[in-house]
Amino acid sequence: MLRATSRATARPALRRLLVGAAASVAAAGSLTAAPPAAYAQADPPGLPYPAARPGDGPDRDHLTVTVRNAGGGADGMFELYCDPDGGSHPDPDGACAALERDTRWGQDLFAPAPEGGFCTMQYGGPATAHVTGTWAGRPVDATYDRRDGCQISRWDRLVPLLPDMKATGTG
């Protein structure tokens, strides 16, 4: 008798489990029918960067790049806006593409080279750069130079945001 009672109580529980699973599958299927724009309205919780939206006004990506001692006409102060790309930067499309390419969730694209790293003892010239503004919703205040292999690599990773020193003949 105990066995029959267990079976009798197990069936409704199994039925509830199967009905619940079927409802979950149906609900998940209905989510895929929504247009992609419907999902772009809100940022998922817990992401370290907010989602970028074209032309967001004050939230729009904006950087000021000041370059000194680069030579070849690359010195100056340039404004860069991304999404849509523009500003006084000589190559806003290329600069924004380079930044987008290297942006990773949870990582600081503009972080300094790690302390105590092994860097080649080479000198890439006297060029310096200072980048300030906002990128991916976060404040940016980073300095760049070419005093050793690590700094040269860090600079070159952001070309064409920063000038290509090989093209100017000074790096």
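The values are calculated or read from the model by the stated rules, or taken from the named source; none is laboratory data. Everything quoted here is computed from the prediction, not taken from an experiment. As a convention, Cβ positions derive from the backbone with ideal geometry for all residues, glycine included, and neighbour counts pool all protein chains shown. Note: accessible area is taken over every heavy atom of the protein model, side chains too, but ligands, DNA and RNA are not part of it. Shrake-Rupley method; radii C 1.70, N 1.55, O 1.52, S 1.80 Å.
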Return yes when LEU158 is touching a residue at least 60 places away in the same chain (Cβ under 8 Å) and within 16 Å of the chain's Cα centre (by Cα) and no when it is not.
-> yes
Can THR143 be described as outside any loop (DSSP other than H, G, I, E, B), surrounded by 15 or more Cβ atoms within 10 Å (Cβ to Cβ), of a type in the set (Val, Ile, Thr) and modelled with pLDDT of 95 or more?
-> no
Residue under evaluation GLU115, criteria (1) surrounded by 12 or more Cβ atoms within 10 Å (Cβ to Cβ); (2) over 21 Å from TYR81 (Cβ atoms), criterion not met | (1)
Segment 102-133, residues that are modelled with pLDDT of 95 or more, not in a loop (DSSP other than H, G, I, E, B) and not aliphatic (A, V, I, L, M) | THR128, HIS130, THR132, GLY133
Just give me the residues in segment 92-110 being of a type in the set (A, V, I, L, M, F, W, C) and free of Cβ contacts under 8 Å to residues at least 12 places away in the same chain, in sequence order.
-> ALA97
So which residues in segment 60-85 are closer than 21 Å to PRO126 by Cβ, assigned to a loop (DSSP other than H, G, I, E, B) and open to solvent by 70 Å² or more (accessible area, probe 1.4 Å)?
-> ASN69, GLY72, GLY73, ASP75
Can GLY171 be described as open to solvent by 30 Å² or more (accessible area, probe 1.4 Å), small (Gly, Ala, Ser), modelled with pLDDT under 95 and more than 17 Å from ARG68 (Cβ to Cβ)?
-> no
Scan segment 140-158 and give yes if some residue there is among the polar types (S, T, N, Q) and in contact with a His (Cβ under 6 Å, 6 or more places away or on another chain), otherwise no.
-> yes
